[in-house]
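The values are calculated or read from the model by the stated rules, or taken from the named source; none is laboratory data. Please read all numbers here as calculations on a predicted model, not as lab measurements. FYI the Cβ positions are ideal-geometry reconstructions off the backbone, even for glycines, and counts take in every protein chain you see. Side chains included, ligands, DNA and RNA excluded: accessible areas come from the protein's heavy atoms. Shrake-Rupley method; radii C 1.70, N 1.55, O 1.52, S 1.80 Å.
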Amino acid sequence: MEGDLVVADWTPEEHHQAFPGVLNGGIIGALLDCHCNWTAAYHLMKAQGASTPPCTVTADYAIVLKRPTPMGPVHLSAKPVSIEGDRVVVEGTLTGENGKVTATCRGTFVAVKEGHPAYHRW
């Protein structure tokens, strides 16, 4: 955590490449989707005064690939833009080891209740 930002670092392996030296765009999308989803769950937990995060799913998300992402370690950061009831809009970024933002994400994540197929699946 860095204030409202949820942060993580991750190092890709060779099989995560799109082509030599560049991280695959699908991997980038999955990383940002997951990171933003956990950011939503964490901030919903805080907003609700709960001791554990709720189960959340992705309602929508959009990824912008701004430039090629080098195959070194990457830095993920995300923060809530709005929280309304059980919905959180989150914005996230992926930064390459060169310090440049290589991809961004904006998505809506929703808490689900018992009976939903994703409830406590992870």
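W10 meets each of the listed conditions (1) buried (at least 17 other Cβ atoms within 10 Å of the Cβ); (2) touching a residue at least 60 places away in the same chain (Cβ under 8 Å); (3) hydrophobic (A, V, I, L, M, F, W, C) apart from (1).
Yes or no: L76 at pLDDT 95 or above and either surrounded by fewer than 17 Cβ atoms within 10 Å (Cβ to Cβ) or under 9 Å from the mean Cα position of the chain (by Cα) (or both)? Yes, satisfied. Between H120, H116, H75, the distinction of being of a type outside the set (A, V, I, L, M, F, W, C) and within 14 Å of V6 (Cβ to Cβ) belongs to H75 only. The residues in the stretch 11-52 that are over 23 Å from I83 (Cβ atoms) and either over 12 Å from the mean Cα position of the chain (by Cα) or in a loop (DSSP other than H, G, I, E, B) (or both) can be counted, and the count is 16. Scan the stretch 84-92 and give yes if some residue there is surrounded by fewer than 17 Cβ atoms within 10 Å (Cβ to Cβ), more than 20 Å from L5 (Cβ to Cβ), in contact with a Ser or Thr (Cβ under 9 Å, 6 or more places away or on another chain) and of a type outside the set (D, E, K, R), otherwise no. For the stretch 84-92, residues surrounded by fewer than 17 Cβ atoms within 10 Å (Cβ to Cβ), more than 20 Å from L5 (Cβ to Cβ), in contact with a Ser or Thr (Cβ under 9 Å, 6 or more places away or on another chain) and of a type outside the set (D, E, K, R): absent.
Looking at the stretch 14-22, can you tell me whether even one residue there is closer than 27 Å to H120 by Cβ and either in contact with a His (Cβ under 6 Å, 6 or more places away or on another chain) or open to solvent by 50 Å² or more (accessible area, probe 1.4 Å) (or both)? The answer is no, given that none of the residues of the stretch 14-22 is closer than 27 Å to H120 by Cβ and either in contact with a His (Cβ under 6 Å, 6 or more places away or on another chain) or open to solvent by 50 Å² or more (accessible area, probe 1.4 Å) (or both). Mind listing just one residue for me: the one in the stretch 93-116 that is open to solvent by less than 50 Å² (accessible area, probe 1.4 Å) and small (G, A, S) and, of those, farthest from E13 (Cα to Cα)? Per the criteria, the residue is A111. Within the stretch 50-73, if we keep just the residues that are without any contact (Cβ under 8 Å) to a residue 24 or more places away in the chain and open to solvent by less than 70 Å² (accessible area, probe 1.4 Å), the residue that is nearest to C36 (Cα to Cα) turns out to be P53.
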